[in-house]
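First the structure, in the form of structure tokens, and then the observations on it.
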Amino acid sequence: MRDKKDFGCNIVLIGFMGAGKSTIAGTLSEMYGLEVVEMDQLISERENMSIPMIFETRGEEYFRNLETELLIELQDRKNVVISCGGGVPMRERNVAEMKKNGRVALLSASPEVILERVKDSHDRPVIEGRKNVEYIRSLMEKRREKYMAAADFIVNTDKKSAEEICRELVEKLEECNKIIK
Ligand SMILES: Nc1ncnc2c1ncn2[C@@H]1O[C@H](COP(=O)(O)OP(=O)(O)OP(=O)(O)O)[C@@H](O)[C@H]1O
Ligand SMILES: O=C(O)C1=C[C@@H](O)[C@@H](O)[C@H](O)C1
Ligand SMILES: [Mg+2]
């Protein structure tokens, strides 16, 4: 691990399920000594329930409110990599909250690559039972506008290693910081 790097803000990773948010958060943490908050994991730990179980027993709205509360809680921090749940940018309020002290990186991937990455796991209730390219493409299309509106910059992850993605992300983040400062 390198010395801790000070970005002066949080790094917020958004993108479709399987785009690589958790993977890239982990690699950014190793490369730059940053703390990671994995939103799904933290919510799940606090509720003492898996995400599918929260959806089933408390409902999606309850889960979505927990996501908003967590983003607000993280506003006092910096140099935290926030690996968002895939649905976080769908709420305008969430986007406003994450932008208060975060730069938002949209990780993108093709539907074919996403399918390949998610096909063997069963912890994504939004696509469970519908894991095919057509469904993934149509859900991506529905979400595209909101993802794009939330993003400060985009990093495509198809056919790139995690380290390559992180280097590109940090370059774009630093450009973005220059413009915003
Ligand atoms: N650049 C990459 N190249 C190859 N495989 C990758 C890459 N990034 C992620 N993966 C693999 O794809 C799968 C999904 O990645 P990951 O869990 O990081 O996605 P995510 O965006 O966090 O998904 P979710 O929104 O469901 O939490 C994992 O098995 C991971 O190892
Ligand atoms: O895209 C979504 O709506 C979701 C993605 C996951 O990260 C989880 O937050 C949950 O399964 C919902
Ligand atoms: Mg994840």
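The values are calculated or read from the model by the stated rules, or taken from the named source; none is laboratory data. Keep in mind that this is a model prediction, so the values were computed, not measured. Glycine also receives a Cβ, built like all others from the backbone with ideal geometry; neighbour counts cover every protein chain displayed. Surface accessibility is based on the protein's heavy atoms, side chains included, excluding ligands, DNA and RNA. Shrake-Rupley method; radii C 1.70, N 1.55, O 1.52, S 1.80 Å.
Yes/no per residue for (1) open to solvent by less than 30 Å² (accessible area, probe 1.4 Å); (2) on the phi < 0 side of the Ramachandran plot; (3) out of contact with any Lys or Arg (no Cβ under 9 Å at 6 or more places or on another chain):
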position	(1), (2), (3)
MET98	yes, yes, yes
ARG117	no, yes, yes
PRO125	no, yes, yes
LYS131	no, yes, no
ILE136	yes, yes, no
LYS142	no, yes, yes
Would you please name the residue that is surrounded by the fewest Cβ atoms within 10 Å (Cβ to Cβ), looking only at residues in the range 18-38 that are in contact with a helix residue (DSSP H, G or I) (Cβ under 6 Å, 6 or more places away or on another chain) and among the hydrophobic types (A, V, I, L, M, F, W, C)? MET31
How about the range 11-32: which of its residues are outside any helix (DSSP H, G or I) and within 16 Å of ligand 2 (Cβ to nearest atom)? VAL12, LEU13, ILE14, GLY15, PHE16, MET17, GLY18, ALA19, GLY20
Whether any residue in the range 40-63 is within 13 Å of ligand 1 (Cβ to nearest atom), open to solvent by less than 50 Å² (accessible area, probe 1.4 Å), closer than 19 Å to TYR147 by Cα and part of a helix (DSSP H, G or I) is what I want to check. no
Please find, among GLU35, GLU67, GLU60, GLU47, the residue that is farther than 28 Å from GLU141 by Cα and within 13 Å of ligand 2 (Cβ to nearest atom). GLU47
Which pairs do you get when a residue that is more than 16 Å from MET53 (Cα to Cα), found in the range 118-131, comes within reach of a residue that is within 15 Å of ligand 3 (Cβ to nearest atom), reach meaning Cβ atoms under 7 angstrom, with the pair 6+ apart or on two chains? VAL118/MET17; VAL118/GLY18; VAL118/ARG124; VAL118/ILE127; LYS131/VAL118
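Listed residues ALA162, ALA105, ALA149; which is of a type outside the set (Asp, Glu), more than 23 Å from PRO52 (Cβ to Cβ) and either without any contact (Cβ under 8 Å) to a residue 24 or more places away in the chain or open to solvent by 70 Å² or more (accessible area, probe 1.4 Å) (or both)?
Every option except ALA149 fails the conditions.
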